[in-house]
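Visitor: Sharing a structure, written as structure tokens. Questions coming.
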């Protein structure tokens, strides 16, 4: 899993079966100093409560679909938790 | 499958009980020209490979397909010791 | 598997149910010599690893679900061992525990009406995982 910041939402009316009602969010993956790292992604919101501005963690690859109500869906990135706090040895900087 | 050279061993006395019983080796990935490709992996050894040997290893869920690692937690396994390989008729490596 | 060093924890109360009660460890990826290799990963703990410890990271979903006894969980990366030493070349690199004071830095997302209990650093899981391993007594061996 990696950290990411939710930066937007995606609305799609026509979706693959099994994705009805699944919220899609644009996320910016972060390094552990919480700085942007790598390209932005669209991830399915498996916690149903993530929104723009929030710090989240997401899982990639096959395991992303496992987070969905129907695990046989074409989802390759899923938000699986909203971060309350990050505690690090060297102190994460905002 | 990827080519790699065994460069070391790893000791972890406290580990997941289902992973006990096989050696853990440090494998540096090789490219087709027998140069180090930059990456490494810690792999379970099922064939008795030694430090310095060139091996074939598999990663991901395929690593759970050898007799030793079947249905056990493993994401990288050494499943062959390479004797030789050639590219376009040119022998790149011989043990 | 990869070698990593536990550099912190991630605390979360709103998550997929499979993560309830699990400790999420923030781990820097290391090369076999014990130096940072660039990058990090958030892994679920299965051995009771603490901050500063060098650990073995398993990154494969079926294995992760098996180790955690969590069928169907969307989890791929698990801490499955604590590395004592890596012997590569003439010198054996003994990867001990990096000792450094733990700075807790809260990065709270969107404001929520009630602060979740697990976000407070005095919960047992948070306290255990954020205490440098050297300062802790020996861990009890996990039973299954």
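The values are calculated or read from the model by the stated rules, or taken from the named source; none is laboratory data. Bear in mind the structure is a predicted one, so any value in this text is a computation, not a measurement. Here the Cβ positions follow ideal geometry from the backbone for every residue, glycine too, while neighbour counts run over all protein chains shown.
Visitor: Under the condition of being at pLDDT 95 or above and more than 7 Å from chain B (Cβ to nearest Cβ), which residue from segment C:73-93 is surrounded by the most Cβ atoms within 10 Å (Cβ to Cβ)?
Guide: Step by step, filter segment C:73-93, then rank; the result is C:78.
Visitor: Looking only at segment A:55-64, how many residues end up being over 15 Å from residue A:25 (Cα atoms) and buried (at least 21 other Cβ atoms within 10 Å of the Cβ)?
Guide: 1
Visitor: Output the residue which, of all residues in segment C:62-72 that are surrounded by 22 or more Cβ atoms within 10 Å (Cβ to Cβ) and facing another protein chain (nearest Cβ under 7 Å), is farthest from residue A:72 (Cα to Cα).
Guide: Per the criteria, the residue is C:67.
Visitor: With respect to residue C:59, is the statement that it is farther than 30 Å from residue A:53 by Cα, modelled with pLDDT of 55 or more and within 11 Å of chain B (Cβ to nearest Cβ) true?
Guide: no
Visitor: Which condition number does residue A:8 fail, the rest of (1) surrounded by 14 or more Cβ atoms within 10 Å (Cβ to Cβ); (2) at pLDDT 95 or above; (3) touching a strand residue (DSSP E or B) at 6+ places or on another chain (Cβ under 6 Å) being met?
Guide: Tallying (1) surrounded by 14 or more Cβ atoms within 10 Å (Cβ to Cβ); (2) at pLDDT 95 or above; (3) touching a strand residue (DSSP E or B) at 6+ places or on another chain (Cβ under 6 Å), residue A:8 fails exactly one: (1).
Visitor: Which residue, of A:76, A:84, is facing chain C (nearest Cβ under 7 Å), free of Cβ contacts under 8 Å to residues at least 24 places away in the same chain and touching a helix residue (DSSP H, G or I) at 6+ places or on another chain (Cβ under 7 Å)?
Guide: A:84
Visitor: Within segment B:69-91, track down each residue that is on the phi < 0 side of the Ramachandran plot and more than 14 Å from chain C (Cβ to nearest Cβ).
Guide: The answer is B:79, B:80, B:81, B:82, B:83, B:84, B:85, B:86, B:87, B:90, B:91.
Visitor: Are there strands (runs of 3 or more DSSP E) fully within segment C:1-81 with at least 2 residues that are free of Cβ contacts under 8 Å to residues at least 40 places away in the same chain and farther than 26 Å from residue B:77 by Cβ? List them.
Guide: Answer list for segment C:1-81: C:24-30.
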